[in-house]
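This report refers to the structure that appears directly beneath it.
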Amino acid sequence: NAGVMQNPRHLVRRRGQEARLRCSPMKGHSHVYWYRQLPEEGLKFMVYLQKENIIDESGMPKERFSAEFPKEGPSILRIQQVVRGDSAAYFCASSPIRESEAFFGQGTRLTVV
Amino acid sequence: GESVGLHLPTLSVQEGDNSIINCAYSNSASDYFIWYKQESGKGPQFIIDIRSNMDKRQGQRVTVLLNKTVKHLSLQIAATQPGDSAVYFCAENSNDYKLSFGAGTTVTVRA
C-alpha cells in the first residue's frame, strides 16, 4: 500500500505564475488535508477536503489559493499569481475517516523566484 | 486562540542517553495530542499519540507524558540512536481533524 504521494517534490515558479500541487491519498482514504510549513516553523493547517467537498478552508488565504479533491484523481492545491511569500513546503495528509490518524506525504517544496 | 509550543528549539544528546522533549499547550479543552518526527526533506512521521483521559502512554523506546494540570506534554526517547536525529513536533488535534503544530525541537545525537 503506497503512502501519500505528492508531486512534484520540488517546484520553482516565477512571480506571477501559477503553481499546481498534487496529492494522491493512501488507498482507501477519502479525507485529505493540506498544510504549509515555512522554514524552521511548524506546519500550519490550510484546508480539509473530502471527496468533492471542501469541509474546512479556514487556514487558506482568501485570495489566489484554491483546493479541490475531485471524485476521480488527486487533490490539487492551486496557487495563482505566486509571490515570494508563497515559498514554503506544502504537505498533504490523508486519513480513512475524519477522526483517525492522518498520514503525511513527503511534501512539495515551492520556491518562487 | 489555541497555541502549541515547545520549550527548547534544540537538544543535543549523547548516543545511548535518554532524550526528553517538552511541549506546552494553552487550550485546556484539547483532548488529543500527537508527537511527530520530521527528518530533513521529509514529511512528518507519526510517533505516538495520547488522549486526555490518559497521563502516560508507551511505545517502542518512546513514552509520552501528559500533565493536564499545567498543560504540558513531553516525549521521552530511551537509548537515543543516531537515527533519532530529526525535528520533533507536538501537535494538538482539535475538531477531530485539524492539527495545530508547535515550532519544533531539533534533536541532534552525538556519537
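Coordinate-derived values only; no laboratory data. These numbers come from a predicted model, not from an experiment. Cβ placement follows ideal geometry from the backbone for every residue including glycine, while neighbour counts extend to all protein chains displayed.
Points to keep in mind about this one:
- Selection status of A:GLY3, at the interface with chain B (Cβ under 10 Å from one of its Cβ atoms) and in contact with a Cys (Cβ under 6 Å, 6 or more places away or on another chain): no
- Of the strands (runs of 3 or more DSSP E) contained entirely in segment B:64-107, not one carries at least 2 residues that are within 11 Å of chain A (Cβ to nearest Cβ), touching an Asp or Glu at 6+ places or on another chain (Cβ under 6 Å) and within 22 Å of A:PHE91 (Cα to Cα).
- In segment A:29-66, the residue that is surrounded by the fewest Cβ atoms within 10 Å (Cβ to Cβ) out of those that are aromatic (Phe, Trp, Tyr) and facing chain B (nearest Cβ under 8 Å) is A:PHE45.
- Residue that is nearest to the other protein chains (Cβ to nearest Cβ), among those in segment A:71-87 that are buried (at least 21 other Cβ atoms within 10 Å of the Cβ) and of a type outside the set (Ser, Thr, Tyr): A:LEU77
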